[in-house]
Amino acid sequence: MKKVALLATALAMVTTGSAFAADMAVKAKKAPPVVAFDPWDIAFGGAIMSDYIFRGITQSNHKPSVAAYFEPRYNVTKDLQLYVGVAGESISFPNRAAAEIDVYGGIRPTFGAFAFDIGVWGYLYPGGTCYFGGTGIDNAGVFQGAECAEKALLNTNVIKKDLSFFEVYGKFTYTVNDNWSFGVNEYYTPSYLNSGAWGNYTSIVGKYTAPSTVFGSSGVGMYVSGEFGRQWLGTSDSFYGVPAFPNGIKYADYNTWNIGIGFTYKVMTLDLRYSDTDLSKGDCNAFTSDFSARGNITASSGTFVTPINPSGVGSNWCGAAGIAKLSFDLTAMTNLK
């Protein structure tokens, strides 16, 4: 009987203990803290390049140039970004403008593998001087002002004091996978370089990004990219008119292309690129008013006379060029946290 009583007591203790354990409150695990979404970000960077080429044409007289930009961004959602920015590049223009200052803004929506960029870009060239010479009266009989009459370029080219203009643009990029992407760009301005001639630029681009392991664990990346574009241009105002076309010249449309290879390491990029156009030296001179343009002194080769370039001087600003560019790009949320 004693054994039975002891067994009953032991069972009661076990049962009671189990009930107490079941009734004890289980301590809940703390949920991870909610990370607040900060929609603001800032991108900024700079570059030094052996030549500043824009749509196949040098902006720095084939000399080295430096650039920098600052771009605040607001992410409405992870797939919709608003942005504004300011950038600057050193240049060597015929009107001796101090620099190129870019002011821009737009919107970047993304739909899966499809990314768009739509905005307005202003190109400002402060500090310029008008070079016209003579009486300051153009071929249409319009007086361009005493300041323009005061100075002239030695090669008889003419250039306005203010070349500032703006473009509206749209870009489309399709990312196939981690390695391949393709895109289309479209830009339009009612007055390219304040010449009075409208401009429309369309290009297709492609980029191949090598796998991250191509250089082992070094952290160095590599890509190959290229672009083919066409620049359509309208007719200038009378400032750039010639005797055959006193009210303005119809600038020559042209094709431009570039291809290059780039190497990346952390925030740094080294880009080596070849660029060219199909513009003739004469039509290039008429379009750029190149202060360094000269006549062709080789009799067997003739001159660079074209219907819109009666002076016969030719420019090398639109020819083949190789560019080496070292740049860095950062964003505050990624690189400064």
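In summary, segment 175-312 shows an alpha-carbon radius of gyration equal to 1.42 times the 2.2 N^0.38 Å reference for compact globular proteins. Note: relative contact order over segment 88-236, using C-alpha pairs below 8 Å and six or more positions apart, is 16 percent.
Its DSSP H runs of at least 4 residues, each contributing -39,500 (n - 2.57), put the calculated 222 nm mean residue ellipticity of the chain at -3500 deg cm²/dmol, to the nearest 500.
For segment 277-337, dividing the convex hull volume of the Cα atoms by the residue count gives 143 Å³ per residue. Pairs of alpha carbons in segment 142-209 separated by more than 18 Å make up 60% of all such pairs. Over all other residues within a Cβ to Cβ distance under 11 Å of Gly88, the charged ones net out to -3, with Lys and Arg as +1 and Asp and Glu as -1. Using Cα pairs under 8 angstrom and six or more residues apart, how large is the relative contact order of the chain, in percent? That works out to 14 percent. Among the protein heavy atoms, those of Thr334 account for about 100 Å² of accessible surface (1.4 Å probe, every chain in place).
What the Cα atoms of the chain give is an Rg and a Dmax of 31.7, 135 Å.
With the alpha-carbon atoms as the only input, what is the per residue convex hull volume for segment 101-150 in Å³?
Spread over its residues, the Cα hull of segment 101-150 gives 127 Å³ apiece.
If you bin all the Cα-Cα distances of segment 64-147 at 10 Å, starting from zero, the percentages per bin are 15, 28, 23, 18, 11, 5, 0. Using the alpha-carbon atoms, what tilt in degrees (0 to 90, nearest 10) does helix 2-23 show relative to the longest principal axis of the chain? The two axes meet at around 20 degrees. Extending 7 Å from the Cα toward the beta-carbon at both Phe215 and Asp102 defines two label points whose distance is 2.5 nm. Surface composition of segment 36-192: carbon plus sulfur atoms contribute 66% of the solvent-accessible area (1.4 Å probe, protein chains only, all chains present). Taking all protein chains as present, what is the carbon and sulfur share of the accessible area of segment 247-333, in % to the nearest whole number, probe 1.4 Å? Of all accessible area on segment 247-333, carbon and sulfur atoms account for 62 percent. The distance between label points at Phe37 and Met333 comes to 1.0 nm (points 7 Å beyond Cα on the Cα→Cβ vector).
Annotation: per residue accessible area for the chain equals 55 Å², rounded to a whole number [probe 1.4 Å, protein chains only].
With respect to the cross-link table entries Lys160/Lys266; Lys250/Lys325; Lys63/Lys250; Lys151/Lys171; Lys63/Lys161, which display a Cα-Cα separation exceeding 31 Å? Among Lys160/Lys266; Lys250/Lys325; Lys63/Lys250; Lys151/Lys171; Lys63/Lys161, the Cα-Cα distance tops 31 Å for Lys160/Lys266; Lys250/Lys325; Lys151/Lys171. Seen through its C-alpha gyration tensor, with square-root eigenvalues sorted a ≥ b ≥ c, segment 91-242 comes out prolate because a/c lies at 1.5 or above while a/b is bigger than b/c. Annotation note: trypsin sites (Lys or Arg not before Pro) in segment 242-303 located in DSSP loop regions with a Cβ neighbour count of at most 12 within 10 Å are Lys266.
The values are calculated or read from the model by the stated rules, or taken from the named source; none is laboratory data. Owing to the predicted nature of the structure, the values given are computational and were not obtained by experimental measurement. Quick reminder, even Gly has a Cβ in these numbers, built from the backbone with ideal geometry, and neighbours come from all protein chains shown. Accessible surface is based on the protein model in full, side chains and every heavy atom, while ligands, DNA and RNA are left aside. Shrake-Rupley method; radii C 1.70, N 1.55, O 1.52, S 1.80 Å.
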